[in-house]
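One structure below.
The values are calculated or read from the model by the stated rules, or taken from the named source; none is laboratory data. What you see is a predicted model, and the numbers here were worked out from it, not measured in a lab. Methodologically, a virtual Cβ is constructed for each residue, glycine included, from the backbone with ideal geometry; neighbour enumeration extends over all protein chains shown. Heavy atoms of the whole protein, side chains included, go into the accessibility calculation; ligands, DNA and RNA do not. Shrake-Rupley method; radii C 1.70, N 1.55, O 1.52, S 1.80 Å.
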Amino acid sequence: QKEVEQDPGPLSVPEGAIVSLNCTYSNSAFQYFMWYRQYSRKGPELLMYTYSSGNKEDGRFTAQVDKSSKYISLFIRDSQPSDSATYLCAMKGSGGSYIPTFGRGTSLIVHP
Amino acid sequence: DGGITQSPKYLFRKEGQNVTLSCEQNLNHDAMYWYRQDPGQGLRLIYYSQIVNDFQKGDIAEGYSVSREKKESFPLTVTSAQKNPTAFYLCASSMALDLSYEQYFGPGTRLTVT
């Protein structure tokens, strides 16, 4: 079992939909959680980061962490075609290691 | 503008040749990293460096080498010993190798070896 599991998709939604992207993890020592967005043939761009369980909101994006279930989510409201990209979750803090562990990424397609 | 630059964007080499990928940052970050990304595989860590003149192997260091002579620069050499070098290579940096510091990525270099 990989430490971080992420469904590769693709996830195809109509413009305006609420998108839910998810990752599960097996190591309860992870403390710090991040979401990156990666457009095709570009480097990943940091979207959001959070320490704690609960929700963190930034514009149309909400990051949610449930440490008891070892589950994190990224919600995108009012999705736009420009949101079409691959979304990578990452987490760190396991056993004093501060190198992030990345999920494989979920490909999102928002069609007009 | 502060950021990370990688050059070139596309690189083509013949099998058996060593090739060096450039990574420069002007963010004043201490830590730098090299990742390899293959379709459907996510990011795999090749090498990382916490400070000048120090670096550590990541999960897939075989066939690669790095140097860190300057804070701003962390070049990666793909040697002929690397069995499957064709991939998308990403350089990243962070303020430090610590829990609360996020990684920022460069635009990547796509290497094709034939």
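Annotations for the structure displayed:
- Any hit, the range A:55-69, residues being of a type outside the set (Asp, Glu), in a loop (DSSP other than H, G, I, E, B) and crowded, with 18+ Cβ neighbours inside 10 Å: no
- When the range A:24-44 is limited to residues that are in a loop (DSSP other than H, G, I, E, B) and polar (S, T, N, Q), the one that is surrounded by the most Cβ atoms within 10 Å (Cβ to Cβ) turns out to be A:Gln31.
- Scanning the range A:87-112 for residues that are away from chain B (no Cβ under 14 Å) and in a strand (DSSP E or B), we see that the one that is surrounded by the fewest Cβ atoms within 10 Å (Cβ to Cβ) is A:His111.
- Looking only at residues of the range A:1-18 that are open to solvent by less than 70 Å² (accessible area, probe 1.4 Å) and under 18 Å from A:Asp66 (Cβ atoms), we find that the one that is nearest to the chain's Cα centre (by Cα) is A:Gln6.
- Subset tally (residues that are among the acidic types (Asp, Glu), in contact (Cβ under 8 Å) with a residue 60 or more places away in the chain and more than 24 Å from B:Asp98 (Cβ to Cβ)) for the range B:1-52: 1
- Considering residues of the range A:45-54 that are part of a strand (DSSP E or B) and in contact with an Asp or Glu (Cβ under 9 Å, 6 or more places away or on another chain) only, the residue nearest to B:Gly108 (Cα to Cα): A:Leu46
- All conditions in (1) closer than 19 Å to A:Pro100 by Cβ; (2) part of a loop (DSSP other than H, G, I, E, B) hold for B:Ser49, with the sole exception of (2).
- Subset of the range B:83-95 [open to solvent by 30 Å² or more (accessible area, probe 1.4 Å) and either in a strand (DSSP E or B) or at pLDDT below 95 (or both)]: B:Lys83, B:Asn84, B:Met95
- Scanning the range B:1-34 for residues that are assigned to a loop (DSSP other than H, G, I, E, B) and more than 23 Å from B:Gly63 (Cα to Cα) turns up B:Asp1, B:Gly2, B:Gly3, B:Asn26, B:Leu27, B:Asn28, B:His29, B:Asp30.
- Residue match in the range A:37-49 (condition: away from chain B (no Cβ under 14 Å), in contact (Cβ under 8 Å) with a residue 24 or more places away in the chain, closer than 20 Å to A:Pro112 by Cβ and in contact with a Leu (Cβ under 6 Å, 6 or more places away or on another chain)): no
- Top-ranked residue of the range A:70-86 - restricted to ones that are in contact with a Ser or Thr (Cβ under 7 Å, 6 or more places away or on another chain) and among the polar types (S, T, N, Q), ranked as surrounded by the most Cβ atoms within 10 Å (Cβ to Cβ): A:Thr86
- Lone qualifier among B:Arg44, B:Arg68 - being closer than 22 Å to A:Pro100 by Cβ, basic (Lys, Arg) and within 14 Å of chain A (Cβ to nearest Cβ): B:Arg44
- Some residue of the range A:64-86 being within 14 Å of another protein chain (Cβ to nearest Cβ) and either farther than 18 Å from A:Tyr25 by Cα or aromatic (Phe, Trp, Tyr) (or both): yes
- Taken over the range B:96-114, the criterion of being more than 20 Å from A:Glu45 (Cα to Cα) and either touching a Gly at 6+ places or on another chain (Cβ under 9 Å) or open to solvent by 10 Å² or more (accessible area, probe 1.4 Å) (or both) is satisfied by B:Thr112, B:Val113, B:Thr114.
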